[in-house]
Amino acid sequence: MKKIILLIALTGSIFACTKKEDGPAATSGSKGHQNGITIDSSANTDLVRKSVAAIASGDSATYRSTYAPDVIFHDNLDSTGIDGNMAMFKLFAEKGIKLNIEVGPVWENQFDKPNKKGVTNFVMAYTTFTFTRGDKSTKTVIFSIDAIKDGIQVEEWLIYDKAAMAEISK
């Protein structure tokens, strides 16, 4: 009986000495390495989806309305403004290239502290662009990061393999 009582006391002591862990749901504010949150649906993710849908349908007015007039696009590290970005889509249309876009995962990171430009909200998205010209078709996956401030896209980074676009444009 003494052994059972000692075992219970020892077990109780071990549990009493263990540190309580706070899970993600119990964490609020910036504790440890956390400096923001990630969400899968917001007005900003809707804005990016609206922008993608507008370019897919050829609605340049709606597409432009989702961006600040002085937006900078970093297209595989080549930087351009909205007019340069639109020129690429105009070139596709002139060459008879049709565009189909499938939106994959889209999520937003909201940070506690703004970057140098005052941005705290960034939307990430994977999209598959299918280019069709006649009976030829090619695909490329584009990963984008959109900096959003005051409900408008102010900067965008796009990373993708340009080979598909070059091939279909020949």
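For the cross-link pairs K50/K136; K98/K170; K50/K113; K117/K162; K116/K149; K95/K136, which exceed 21 Å when the distance is taken from alpha carbon to alpha carbon? Kindly include the intermediate steps, with their values, before the conclusion.
Values: K50/K136 28 Å; K98/K170 14 Å; K50/K113 27 Å; K117/K162 29 Å; K116/K149 12 Å; K95/K136 13 Å.
Table pairs above 21 Å Cα-Cα are K50/K136; K50/K113; K117/K162.
Please report how far the C-alpha centroid of segment 84-103 lies from that of segment 136-159, rounded to the nearest whole angstrom.
14
Just so you know, all these numbers are worked out from the coordinates, no wet-lab data involved. Since the structure is predicted, the reported quantities are computational estimates derived from the model, not experimental observations.
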